[in-house]
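Visitor: To start, I am sharing the structure in question, which I have written as structure tokens.
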Amino acid sequence: MQLDEIQAIFFQECEEGLAAIETNLAEIRDAGPNPEAINTIFRAVHSIKGGAGAFGLEALQGFAHHLETVLDLLRTGELTPASDLVALLFAAFDVLSDHVASAQGGTGGPEDANVLARLGAIATIVEDGGEAEANEIQTAPACKDAGEVMDFDLDSLLAAIEMPVAAQTPWWVAIRPDRNAFDNGSDPLPLLREIEALGGLIVSLDTSALPLLDALAVDECWIGWTIQVPGSVSRDDIEAVFDFVSNSYHITISHEPPTVSALIPEPPATTPPVPAAPMTPPVLTPTAVPTDDTGKALGGSATIRVELEKLDRLVNLVGELVITQAMLAQQLSVRGVGTVDELSDLDHLTRELQESAMSIRAQPVKSVFSRVPRIIRELEAGTGKRVRLEVEGEMTEVDKTVVERIGEPLTHMIRNAVDHGLETPDERVAVGKAAEGVVRLTAEHRSGQIVISVSDDGKGIDLSRVRAKAVERGIIAPDANLSDEEIENLIFSPGFSTAASVSNISGRGVGMDVVRRNVQALGGRISISSKFGKGSTFTLTLPLTLAILDGMVVGVGDQTYVIPLAHIVESLRPQSGEVRAFGPDAGVLDVRGAYLPILPVGRLLNVPEAGTEPTKAVLVVVETDAGQAILMVDGIQDQRQVVVKSLEANYAPVQGLAGATVLGDGRVALILDVETLVQCYRGEYNRALAA
């Protein structure tokens with residue numbers, strides 16, 4: 001394993017640690033002091049610090065060290081998690097996140113002087129016996145410069161209260177790598193340097209396993225070390241050196257001096273004393289590996305990390321297998337042997353394999369939801385509003401590609417909810433609401449899709465104001481006749497904004513337009529439910545995966561198409577006289593009191609010999625962002641799960657088509673882009689209506 005691969009693993013673990021920190025800080029803020037939450041935060045920061053030191057990320061290591069010091073005071077009860085301190089810890093968490101991102105991207109570090117000074121001041125005063133004064137430091141305004149946080153010079157104070165360290169029993173650290181330790185990219189030299197940086201001194205070498213020169217393999221590890229570390233160093237700091245070593249290392253840390261086989265010459269008098277007599281090597285077993293509070297071996301892992309390219313290839317091959325299995329079943333059915341038991345078993349096993357392969361790519365949306373608390377804190381600071389975030393369903397799983405691409409739409413929706421939805425504290429109190437607004441973020445599986453909702457208890461959508469702004473910006477005509485739903489959907493129009501002025505939060509009219517475009521690119525849709533004065537809910541409906549979808553196979557002329565089931569409401573055959581003509585080529589159908597336009601798919605996609613008579617066709621009612629409509633097709637052939645192939649990657653983008661798939665008989669079927677078809681037809685419909 002190369003160094004850059006090991007470093008990539010470190011940054012992945014940093015992301016996991018940061019997520020744990022934020023979750024537990026929120027728990028402390030909302031539910032009060034919790035020793036387990038504090039310990040979890042401390043361990044995460046401690047691991048980040050240790051890894052940063054191993055990779056020479058000095059800025060990240062230094063900041064994590066100062067944050068760890070204050071967390072240690074919390075852990076030992078010398079400091080209480082008052083609300084002001086929790087706010088400071090959130091600010092420190094944000095800076096720590098920026099340090100990690102900076103280290104990963106190789107860019108300049110964030111401005112951390114202010115937060116560092118406040119953390120250092122708190123630690124200094126508490127250690128000097130003044131928690132009350134520390135509470136005053138916690139409330140220091142974040143906008144001040146580092147030198148203005150305190151009325152005294154911090155360096156002078158630290159020098160004045162510095163106490164001599166009492167003599168303590170030294171630590172004895174034994175390091176014994178396996179012969180194959182180098183196979184995992186582990187190098188003992190950086191570990192030895194880290195230990196030496198803590199004041200450690202190598203006192204013996206274990207060369208008992210070292211072979212003669214003619215049998216020596218240079219890619220194998222043959223030597224062990226015994227190191228003495230001053231007792232003033234904490235065990236946590238020593239263990240942090242080994243946070244990222246593999247299980248091929250056996251480590252013991254003890255106050256009891258071990259026996260060693262060969263002594264290093266006695267060090268100078270300024271170093272810790274060395275045992276006077278020769279010793280024999282300690283007995284080392286795998287159970288001596290340092291463990292965390294749960295007993296899990298440090299550096300161990302219950303997971304395996306695989307390159308995404310390999311995983312994508314597996315998913316593609318499984319998709320091809322599904323297609324081949326369907327073709328085999330089709331051919332056997334044609335030959336009259338389609339009911340063979342083994343064929344049914346093959347179908348079952350293929351579907352299970354397909355589901356298992358897709359589940360490997362599945363990730364909880366928590367990785368996206370975890371960014372929201374920071375966005376909320378920044379919006380609170382920028383707007384002066386008070387917000388309580390409620391999250392539900394963050395462990396709901398969805399395909400990795402979908403997780404990666406919903407981040408931007410979700411950010412815009414949260415910013416919209418706080419900036420446009422929630423009122424200021426004074427405005428809320430004036431109308432009888434609590435001063436603190438609520439933003440609720442939820443995720444759930446529903447009918448083979450993932451549904452993500454962002455709701456607020458703010459002022460809701462003022463339809464008259466939205467309409468006036470749309471007319472002002474030329475989005476609609478002044479005399480346009482629009483339903484409430486259509487007016488609500490105007491906020492997705494390019495360039496639309498109700499903000500009175502442009503700020504760093506909103507006002508440029510690009511937010512919700514981006515949301516709709518990104519959601520549609522994922523094959524999903526977005527809907528709005530709002531009540532003026534009560535609040536709004538924005539709901540994203542997305543496919544669980546972009547590789548497979550459930551669809552209805554239909555025929556149009558001599559062509560075969562697939563309509564995604566996520567859009568289908570029902571299918572029906574109209575009776576004579578139920579369809580009302582609208583122009584020479586269009587018609588509408590009354591479906592339970594609502595007249596829906598009929599879209600002839602054959603005409604829209606230029607399919608020759610497609611049926612033109614609605615009463616002899618099948619009408620499929622579909623749901624889209626623009627409302628319901630009807631797709632007219634010649635007939636329904638099947639309903640099945642299909643493997644999606646990209647038209648853009650394999651041919652070229654085609655308007656009205658979302659992709660293609662291969663059917664069991666080997667034919668290529670095109671997948672309809674229902675949203676685009678309905679929008680294009682509604683444009684024709686509106687122009688005809690205006691004429």
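The values are calculated or read from the model by the stated rules, or taken from the named source; none is laboratory data. Source: prediction; values computed, not measured. With ideal geometry, Cβ positions are generated from the backbone for all residues, glycine too; neighbour counts draw on all protein chains shown. For the accessible areas, the whole protein counts, side chains as well, though only heavy atoms, and no ligand, DNA or RNA atoms are used. Shrake-Rupley method; radii C 1.70, N 1.55, O 1.52, S 1.80 Å.
Visitor: So, with a 1.4 angstrom probe, what is the percent of accessible area on the stretch 11-89 that is carbon and sulfur? Don't skip to the answer; put the middle values down first.
Guide: Numbers: 1630 of 3180 Å².
Carbon-and-sulfur percentage of accessible area, whole number: 51.
Visitor: Can you work out ³J(HN,Hα) from phi for every residue in the stretch 517-533, in order, using Karplus 6.51 cos²θ - 1.76 cosθ + 1.60 and θ = phi - 60°, giving whole Hz and x for Gly and Pro?
Guide: 5, 5, 5, 5, 5, 8, x, x, 8, 10, 10, 10, 9, 9, 10, 4, x
Visitor: Lysines near K400 by alpha-carbon distance under 19 Å, same-chain residues fewer than 8 away left out - which ones?
Guide: Within the straight-line limit of under 19 Å, K400 reaches these lysines: K310, K366, K645.
Visitor: Hey, another quick one. For L192, put the label point 7 Å out on the Cα→Cβ axis and report which residues of the stretch 202-216 keep their amide N under 20 Å from it.
Guide: 202-213, 216
Visitor: Which whole-number value in Å² is the accessible area per residue of the stretch 536-630, probe 1.4 Å?
Guide: Value returned for the stretch 536-630: 43 Å² of accessible area per residue.
Visitor: Percent of accessible area on the stretch 357-503 owned by carbon and sulfur, 1.4 Å probe?
Guide: Details: 3310 of 6870 Å².
Summing carbon and sulfur atoms, their accessible area is 48 percent of the total for the stretch 357-503.
Visitor: Also, quick follow-up: Within the stretch 398-436, list the residues whose amide N lies under 18 Å from a label point set 7 Å along Cα→Cβ of A649.
Guide: 399-406
Visitor: For L346 and L317 in one chain, what is 0.36 nm times their gap in residues minus the Cα-Cα distance, to one decimal in nm?
Guide: On the way: separation 29, 0.36 × 29 = 10.44 nm, distance 1.61 nm.
Extra length from L346 to L317 when fully extended: 8.8 nm.
Visitor: Continuing with this model, one more query. If I take R0 = 41 Å and measure r between the Cβ atoms of R179 and E309 in this structure, what FRET efficiency does the formula 1/(1 + (r/R0)^6) give, to the nearest 0.05?
Guide: Working: r = 32 Å, r/R0 = 0.78.
Working from the Cβ atoms, E equals 0.80.
Visitor: Would you kindly derive the ³J(HN,Hα) couplings of the stretch 639-654 from the backbone phi angles with the Karplus curve 6.51 cos²θ - 1.76 cosθ + 1.60 (θ = phi - 60°), listing them in order in whole Hz, with x for Gly and Pro?
Guide: 9, 7, 8, 10, 8, 7, 10, 6, 6, 4, 6, 9, 9, 5, x, 10
Visitor: To continue, here is another question. Which far-off residues, 5 or more places away or on another chain, put their amide H under 5 Å from the one on L544, with H placed in the peptide plane?
Guide: Counting only residues 5 or more places away or on other chains, the set is I450.
Visitor: Taking only protein heavy atoms into account and a 1.4 Å probe, give the accessible area per residue of the stretch 1-108 in Å². Before the final figure, lay out the partial values.
Guide: Numbers: 4570 Å² over 108 residues.
That works out to 42 Å² per residue.
Visitor: Would you work out if the stretch 518-675 is rounded, prolate or oblate? Take a ≥ b ≥ c from the square roots of the eigenvalues of the alpha-carbon gyration tensor; rounded if a/c is under 1.5, else prolate when a/b is larger than b/c, oblate otherwise. Numbers along the way, then the final one.
Guide: Details: a/c = 1.93, a/b = 1.03, b/c = 1.88.
Because a/c hits 1.5 or more and a/b fails to exceed b/c, the stretch 518-675 counts as oblate.
Visitor: Oh, and also: Using only the Cα atoms of the stretch 1-78, each taken as one equal point scatterer with no solvent, compute I(q) by the Debye sum, divide by I(0), and report log10 of the ratio at q = 0.22 Å⁻¹.
Guide: Summing over Cα pairs of the stretch 1-78 leads to -0.97.
Visitor: Give me the distance in nm between label points sitting 7 Å out from Cα along the Cα-to-Cβ direction at R371 and L216, one decimal.
Guide: 5.2 nm
Visitor: Let me make sure I get this right: for the stretch 33-86, a, b and c are the square roots of the gyration tensor eigenvalues over alpha carbons, sorted descending. Under 1.5 in a/c it's rounded, otherwise prolate if a/b > b/c, else oblate. Which is it?
Guide: On the way: a/c = 2.97, a/b = 2.09, b/c = 1.42.
Prolate, because a/c is 1.5 or more and a/b exceeds b/c.
Visitor: Under 20 Å Cα-Cα from K534, which lysines qualify once same-chain neighbours fewer than 8 residues away are excluded?
Guide: Result set, ordered by chain and number: K385, K433, K459.
Visitor: Please label the shape of the stretch 332-374 as rounded, prolate or oblate, based on the square roots a ≥ b ≥ c of the eigenvalues of the alpha-carbon gyration tensor (a/c under 1.5 means rounded; beyond that, a/b larger than b/c means prolate, else oblate). Don't skip to the answer; put the middle values down first.
Guide: On the way: a/c = 7.87, a/b = 4.97, b/c = 1.58.
Prolate, because a/c is 1.5 or more and a/b exceeds b/c.
Visitor: Let me ask another. What is the Cα radius of gyration of the stretch 54-117 over 2.2 N^0.38 Å, N being its residue count? Walk me through the numbers on the way to the answer.
Guide: Working: Rg = 12.5 Å, N = 64, 2.2 N^0.38 = 10.7 Å.
For the stretch 54-117, the normalised Cα radius of gyration comes out at 1.17.
Visitor: Could you pull out which residues in the stretch 564-605 have an amide N less than 12 Å from a spot 7 Å beyond the Cα of T612, following the Cα-Cβ vector?
Guide: Backbone N within reach: 584-586, 603.
Visitor: Is there a quick way to get the dipole size of the stretch 325-387? I mean about its Cα centre, with the Cβ of Lys and Arg at +1 and of Asp and Glu at -1; what is the value in debye to the nearest 20?
Guide: With only Lys, Arg, Asp and Glu charged at Cβ, the dipole is about 840 debye.
Visitor: Once both labels are modelled 7 Å past Cα along the beta-carbon direction, what's the L565-S333 spacing in nm?
Guide: 1.6 nm
Visitor: Among 90-97, 670-677, 567-574, what's the highest-first ranking by average C-beta atoms within 10 angstrom per residue? Intermediate values should be presented prior to the final figure.
Guide: Details: 90-97: 20.4, 670-677: 22.1, 567-574: 15.8.
Top to bottom by mean Cβ count within 10 Å: 670-677, 90-97, 567-574.
Visitor: Using modelled backbone amide H atoms (1.01 Å from N, in-plane), which distant-in-sequence or interchain residues come within less than 5 Å of W171's amide H?
Guide: The answer is V229, G231.
Visitor: For the stretch 55-70, what does the Karplus curve 6.51 cos²θ - 1.76 cosθ + 1.60, with θ = phi - 60°, yield as ³J(HN,Hα) per residue in whole Hz, taken in order and with x for Gly and Pro?
Guide: After applying 6.51 cos²θ - 1.76 cosθ + 1.60, I find 9, x, 8, 5, 5, 5, 4, x, 5, 4, 5, 5, 5, 4, 4, 5 Hz.
Visitor: Here is a follow-up. Amide H of G437: which non-local residues (sequence gap of 5 or more, or other chain) have their own amide H closer than 5 Å, using H built in the peptide plane?
Guide: Sorted by chain and number, the residues that satisfy this are R386, V387, R388.
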